[in-house]
Amino acid sequence: MGRQRRKDTDFPRARLGSGAIAEVRPSEFGSGYEVIVDGTPQSHVDPADPTHLAFEYVARMGAVIDQLPAGPISAVHLGAGGLTLPRYVAHTRPGSRQQVVELEQPLVDLVRAELPLPRDAQVRIRVGDARAGLGRVPPAMRGSVDLVVSDVYSGAQTPAHLTTVEFYREAAALLAPGGVLLVNVADGAGLAFARRQVATVRDVLPHVAILAEVQVLKGRRFGNLVLAASARELPTEWLPRLMAAGPHPAKVAEGAEVRAFAGDAAPATDADATASPKPSERLFE
């Protein structure tokens with residue numbers, strides 16, 4: 001007798017403040033679970049192996065984190081999802097101090113109940129808007145944070161107020177002199193939004209690298225680009241390591257390539273910013 005297919009209503013779920021439905025489902029692509037919000041996969045979590053980063057852009061963020069100086073780090077994550085990267089940092093760098101800012105309390109409660117963090121993970125979750133949450137980070141952490149991750153979505157789009165020069169200045173103020181900002185940017189054909197995001201981040205932190213799948217970086221399909229930025233020059237020895245880390249086919253752009261990618265795009269400001277483009281509903285089928 002074949003295995004009976006579970007009904008959608010069988011999965012743990014929560015209604016978010018936005019009205020969207022968040023669910024935790026077993027992953028269809030190997031071990032672990034996915035956090036899905038209104039049909040859009042937001043996170044993959046493998047409690048048995050926190051180093052299993054199934055989403056390509058998350059794996060690229062993990063590859064950058066691996067290049068930071070050895071030992072515990074301090075990190076601020078804007079956007080919780082399934083707490084995938086906080087788990088990764090806690091596992092690969094025991095003793096790290098981490099703060100997470102997430103808008104949706106029901107999502108936090110769902111993830112804590114179904115995908116609890118390891119007991120020894122030093123992760124504090126603050127509920128509220130990501131930008132407002134930057135102002136609530138303990139004063140002692142300002143100017144001393146090793147890593148800030150911006151990966152915030154409302155549905156399938158990044159809100160406009162989290163894409164501006166003013167926002168990135170607030171995020172960069174947390175960073176230590178050699179600290180790194182990681183930004184997840186989703187875009188499609190033409191890459192107009194991504195080009196403007198690169199120009200915006202470069203206006204705040206001059207040293208930027210772009211990590212993406214080759215066809216995404218060429219604007220041939222919708223996907224995620226990871227921006228890694230710092231006030232200091234990113235070490236050139238990172239590049240072959242990031243390329244080797246995959247996923248493949250991968251591209252890491254730096255220096256002149258980044259400047260050419262941004263072109264004449266104007267930095268986004270609070271006065272004129274837009275949300276990231278909405279992907280086609282067919283993308284996640």
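Listed conditions (1) within 18 Å of the chain's Cα centre (by Cα); (2) farther than 20 Å from PRO69 by Cα; (3) surrounded by fewer than 21 Cβ atoms within 10 Å (Cβ to Cβ) are all met by LEU162, apart from (3).
Considering only residues in the stretch 229-272 that are in a strand (DSSP E or B) and not small (Gly, Ala, Ser), the one that is surrounded by the fewest Cβ atoms within 10 Å (Cβ to Cβ) turns out to be LYS251.
All conditions in (1) surrounded by 21 or more Cβ atoms within 10 Å (Cβ to Cβ); (2) touching a Pro at 6+ places or on another chain (Cβ under 8 Å) hold for GLY188, with the sole exception of (1).
Right, THR158: over 24 Å from SER43 (Cβ atoms), in contact with a Ser or Thr (Cβ under 7 Å, 6 or more places away or on another chain) and in contact (Cβ under 8 Å) with a residue 12 or more places away in the chain or not? It is false that THR158 is over 24 Å from SER43 (Cβ atoms), in contact with a Ser or Thr (Cβ under 7 Å, 6 or more places away or on another chain) and in contact (Cβ under 8 Å) with a residue 12 or more places away in the chain. A search for C-beta distances below 8 Å between a residue of the stretch 122-144 that is of a type in the set (S, T, N, Q) and any residue that is surrounded by fewer than 13 Cβ atoms within 10 Å (Cβ to Cβ) and at pLDDT 95 or above, counting only pairs 6+ apart in sequence or on different chains, returns GLN122/GLY95. The condition of being within 27 Å of GLU104 (Cα to Cα) and in contact (Cβ under 8 Å) with a residue 12 or more places away in the chain holds for only one of ALA173, ALA231, ALA189, ALA199, that being ALA173. Exactly one residue among GLU254, GLU213, GLU237, GLU233 is under 16 Å from GLU56 (Cβ atoms) and among the acidic types (Asp, Glu), and that residue is GLU213.
Among residues of the stretch 191-223 being polar (S, T, N, Q) and either at pLDDT 95 or above or closer than 14 Å to PHE261 by Cβ (or both), the one that is surrounded by the most Cβ atoms within 10 Å (Cβ to Cβ) is GLN197. Filtered by the rule that a residue be in a loop (DSSP other than H, G, I, E, B) and in contact with a Leu (Cβ under 7 Å, 6 or more places away or on another chain), the stretch 25-56 gives a lone residue, PRO47.
The values are calculated or read from the model by the stated rules, or taken from the named source; none is laboratory data. Everything quoted here is computed from the prediction, not taken from an experiment. Neighbour counts are summed over all protein chains in view; Cβ atoms, including those assigned to glycine, are modelled from backbone coordinates with ideal geometry.
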